[in-house]
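Visitor: Before anything else, here's the structure in question.
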Amino acid sequence: MADFLLELLSEEIPARMQVKASADLARMFEARLGDAGLRAESLETFATPRRLALIARGLPAETETVREERRGPRADAPDAAIAGFLRSTGLSREQLEEREDKKGGRTLFATIERPGRSTASVIAEAVPAIIRDFPWPKSMRWGGDSLSAESLRWVRPLQGIVALLGEEIVPFDVAGVRSGAATVGHRFHHPGAITIGSANDYVEKLRACHVVLDPAERRRIIADGAAAAASAAGLVLVEDDGLLAENAGLTEWPVPLLGGFDPAFLDVPREVIQLTMRTNQKYFACVDADGALAPSFVCVANVEASDGGAAIVDGNRKVLAARLADARFFWEQDLKVPLEQRTEKLSGIVFHERLGTLGEKVERVARLAQWMVQERIVRGADPAHVEAAARLAKADLGTELVGEFPELQGLIGSYYARAQGQPDSVVEAIRDHYRPAGQGDAVPTSPVTVAVNLADRLDTLVGFFSIGERPSGSRDPFALRRAALGFLQILIRSGLRVPLGDMLVQTAVLLIVSRMGALSSVSFPDLLDSDDHEHEITAEVGSFTYRHGDHVVVRWNSALTPNIERGKLIEEATDLSEAVLEFLADRLKVQQREAGVRHDLIDAVFSLGGEDDLVRVLARVKALQAFVETAEGTDLLAGYKRATNILKKEDWDEDGIPWHQPSFDLAAEEAELIQALDAQEPRAKMALEDEEFERAMAALARLRAPVDAFFDKVTVNDPDAVKRRARLNLLARMRTLVDQVADFSKIEG
């Protein structure tokens, strides 16, 4: 057994590509050797800015001899057929074996023996193929050969290859680069050639030449060294795993160094300073004991300087000072223009070519957020603050700072809003109207923020659904799944009891009217108390109102919108509402499954249909999960499924027929079940009306014993047709009651 070492030396490999490249190298090497019948006991991979390496431990000296038996034509087949078979096997006629087949005839068989190959020869074929097929996200050609499209592509110019099996070089050539045993150490500390003896001395020999091969070890060195440097100055390092990994991918011999910048720059928002250091310079930030940003940074050098790094720190300080000066200039220039004026620019920024400008989107979002407050869907918000926040939320997209740092949109707007005297609730809504932006992000709960945030997400979802840009498979170019997930998180976190159907129709109507250029004709009448609002159009003098569910959706001034086809508009709005509601329901199922809720229970509640209050859905699911995990729930589910199977087998569907007490003498168990249903049916219905789902489940739990006893003692398919019909109707009654709580047929078990 022997170990194989492969090192691919090149110019600098981007840090973001190194982790995947290591995984790809191991995967491709294992697959190539596997095709030849070879398997290593273990594989190790390493990546630095200048090299990609692999060690395969425990490879045999050669592949095993392979014996293959191949069936040929019949022995009395035409000569041409037999000759073709001989050519394919490389054998002579005498080397074939005749065997009697099932039909009494004679069939030819060939036994082909392929001797084992040396592992070195397999590797010599495999590695060049891996190099040529390597899936870099971006690659390049170089040198004179690059004029040909057939020349080698690599992430950066390939400079050397180490290929050692045991202590022997595995010879091969890739685009003029010969394999060997020589590599180089650190670019500055040990630029000369190093001869590697075998895989066993590779890691330590490079370490002696100032190259730490293991990325995890480099991350530890940086994390510990940066924290120690900050601590020595009485500061605390701001941890950043992404920045840690990036610096580990930029250095072969990392040396963390503490530096400082002019405290006057701290007048610039903290996030701008941190992002300037992180994005432009790859520096770690530091905070003082109170958590305030300190005028200090930790940079990571790739060299152990003779002066302790003083010159490196000074150079980095100067570069950072220039970056921060630019940021402060943008900040000060932006402050000179009120956010209200910046909203004018939004009409010139395209949101989507088929959905209009950002200015049009902002107008829709403002009206939708106002409507939510007016209709008391979102309670406790000042309508004036909601309108101001909605209209100013996107204004910072026209600022210099957001142009430089797009990831700060919303946050920068909140700084400007506070500096320009906007109320706290408006500032908070501008800052948080994009949240949550991902897993673990804060979920806003203040009323003004919630109204603007929900309106913005609904407008995005309905808008892209209206132009056919719905997520499918892994395709979601406009991050609609993330928008939906954030929407659901806000609803659940805030406990909002929102009529999603009404909200979605309202959003769709505003979008359609906006597309017609008639948004100015829309107004919001007061909330009307009427029981007959379902898809109703009320014509009035000079206007008409469309109502949906319990909420007035919108009123048009029909004199200003003579071209609106009312029926077509309402049909389109309703179709969009139903499509987005189905999408949100699917996202809720995914979210709850990831949170540990059983998928079958979610399906059981959603199968009831007609439910658009997601908070109520989750309350019902939670109560159902608690119930089915009890002994009563398990037994009732078994009884329900037994009853359902009997009814299905008998093709019995009498749910809609009013229950009548049987006229014949009842068995004791039969009478007990009827009494239990008489007692628990009104209790369950009242509990459901009161949305006390645990109480509804408790009512169902009291059916457990009567149902068990009924099946134990009563014959449903009685020869007497009257008894049989009455007992089937009794089971149907039980099924109907249970199905009002959830569709138990969807529950597993």
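None of the figures in this text is laboratory data; all of them are computed from the coordinates on show. Quick caveat: nothing in here was measured; it's all calculated off a predicted structure. Every residue, glycine among them, receives a Cβ derived from its backbone with ideal geometry; neighbour counts consider all protein chains shown.
Visitor: Compute the length gained on full extension between Thr630 and Arg724: take 0.36 nm times their separation in residues and subtract their Cα-Cα distance, giving the result in nm to one decimal.
Guide: Stretched out fully, the Thr630 to Arg724 stretch lengthens by 30.7 nm.
Visitor: Name the GluC sites (Glu not before Pro) in the range 117-201 that are in a loop by DSSP and that have at most 15 other C-beta atoms within 10 Å, would you?
Guide: Glu150, Glu167
Visitor: I need the shape label for the range 345-493. Rule: rounded when a/c is under 1.5, else prolate if a/b > b/c, else oblate, with a, b, c from the alpha carbon gyration tensor.
Guide: Since a/c stays below 1.5, the shape of the range 345-493 is classed as rounded.
Visitor: Then there's this: On full extension of the chain, what length is gained from Thr111 through His599, given 0.36 nm per residue of separation minus the C-alpha to C-alpha distance?
Guide: Result: 170.2 nm gained on full extension.
Visitor: Same structure again: What whole-number distance in Å separates the alpha-carbon centres of the range 405-423 and the range 339-374?
Guide: About 17 Å separates the Cα centre of the range 405-423 from the one of the range 339-374.
Visitor: Could you tell me how far the Cα centroid of the range 438-488 sits from the Cα centroid of the range 183-220, in Å?
Guide: 48 Å
Visitor: Based on the Cβ-Cβ distance of Lys318 and Glu340, what FRET efficiency does E = 1/(1 + (r/R0)^6) give at R0 = 41 Å, to the nearest 0.05? Before the final figure, lay out the partial values.
Guide: Numbers: r = 39 Å, r/R0 = 0.94.
Computed FRET efficiency for Lys318 and Glu340 comes out at 0.60.
Visitor: Restricting things to alpha carbons, tell me how big the range 411-513 is in terms of Rg and Dmax, in Å.
Guide: Considering the range 411-513 through its Cα atoms, Rg and Dmax are 14.6, 46 Å.
Visitor: What does the charge dipole of the range 215-335 about its Cα centre add up to, to the nearest 20 debye, if the Cβ of each Lys and Arg holds +1 and the Cβ of each Asp and Glu holds -1?
Guide: Once rounded to the nearest 20, the dipole reads 180 debye.
Visitor: Roughly speaking, what is the centre-to-centre gap between the range 1-43 and the range 86-149 when only Cα atoms are used, to the nearest Å?
Guide: When both Cα centres are located, 22 Å separates them.
Visitor: Report D for the range 609-746 in µm² per second (integer): Stokes-Einstein, Kirkwood Rh on Cα pairs, 4 °C, 1.567 mPa s.
Guide: Estimated diffusion coefficient is 84 µm²/s.
Visitor: Apply the a/c threshold of 1.5 to the C-alpha gyration tensor of the range 6-94 and tell me whether it is rounded, prolate or oblate.
Guide: prolate
Visitor: About the Cα centre of the range 43-193, what is the dipole size in debye to 20, counting +1 per Lys and Arg Cβ and -1 per Asp and Glu Cβ, all else neutral?
Guide: 700 debye
Visitor: Within the range 443-467, what residues put their amide N at less than 20 Å from the label point 7 Å along the Cα-to-Cβ vector of Arg379?
Guide: 444-455
Visitor: Under 23 Å between alpha carbons: how many lysine pairs meet that in the range 609-746, if sequence neighbours fewer than 8 apart on the same chain are excluded?
Guide: Eligible lysine pairs with Cα atoms under 23 Å apart amount to 16.
Visitor: Tell me which trypsin sites (Lys or Arg not before Pro) from the range 135-212 have a DSSP coil assignment and no more than 12 other beta carbons within 10 Å of their own.
Guide: Lys138
Visitor: Which percent of Cα-Cα pairs in the range 340-420 sits in each 10 Å bin, short to long?
Guide: Bin by bin from 0 Å, the calculated values are 18, 45, 31, 6.
Visitor: Once label points are set 7 Å from the Cα along Cα→Cβ at both Val615 and Ala479, what is their separation, rounded to one decimal in nm?
Guide: 2.7 nm
Visitor: According to a simple spin-label model (label point 7 Å from Cα along Cα-to-Cβ), what is the distance in nm between Thr279 and Ser139?
Guide: Inter-label distance under the simple model: 3.2 nm.
Visitor: On to the next question. Figure the gain on full extension for Ala233 and Glu271 (residue separation times 0.36 nm, minus the Cα-Cα span) and round it to one decimal in nm.
Guide: Roughly 11.5 nm would be gained on extension.
Visitor: Let me ask something else. On alpha-carbon atoms, Rg over Rh for the range 215-335 using Kirkwood Rh? List each step's numbers first, then the result.
Guide: Numbers: Rg = 14.0 Å, Rh = 14.5 Å.
When Rh is taken as the Kirkwood radius, the ratio is 0.97.
Visitor: Moving on to the next point. In a solvent-free Debye calculation with one equal scatterer on each Cα, what is log10 I(q)/I(0) for the chain at q = 0.07, 0.09, 0.10 Å⁻¹, listed in the order of the q values?
Guide: For the chain at q = 0.07, 0.09, 0.10 Å⁻¹, log10 I(q)/I(0) is -0.85, -1.05, -1.10.
Visitor: I've got another one for you. Using every pair of alpha-carbon atoms in the range 66-114, split the distances into 10 Å bins beginning at 0 and state the percent of pairs per bin, rounded to integers.
Guide: Going from the shortest bin to the longest, the percentages are 27, 57, 15, 0.
Visitor: Let me see the P(r) profile for the range 655-722: every Cα-Cα distance counted, bins of 5 Å, each bin given as a percent of all pairs.
Guide: 3, 16, 20, 22, 19, 11, 6, 3, 0
Visitor: Report, in deg cm²/dmol and to the nearest 500, the calculated mean residue ellipticity at 222 nm for the chain, where each DSSP H run with n ≥ 4 adds -39500 (n - 2.57) and the sum is divided by the residue count.
Guide: When only DSSP H runs of four or more count, the value is -15000 deg cm²/dmol.
Visitor: Moving on to the next point. GluC sites (Glu not before Pro), restricted to the range 340-393: which are DSSP loop and have at most 11 other Cβ atoms within 10 Å?
Guide: The qualifying sites are Glu353.
Visitor: Evaluate the distance, in nm, between pseudo-label points positioned 7 Å from the Cα of Val19 and of Arg354 along their respective Cα→Cβ axes.
Guide: Going from the Val19 label point to the Arg354 one covers 3.5 nm.
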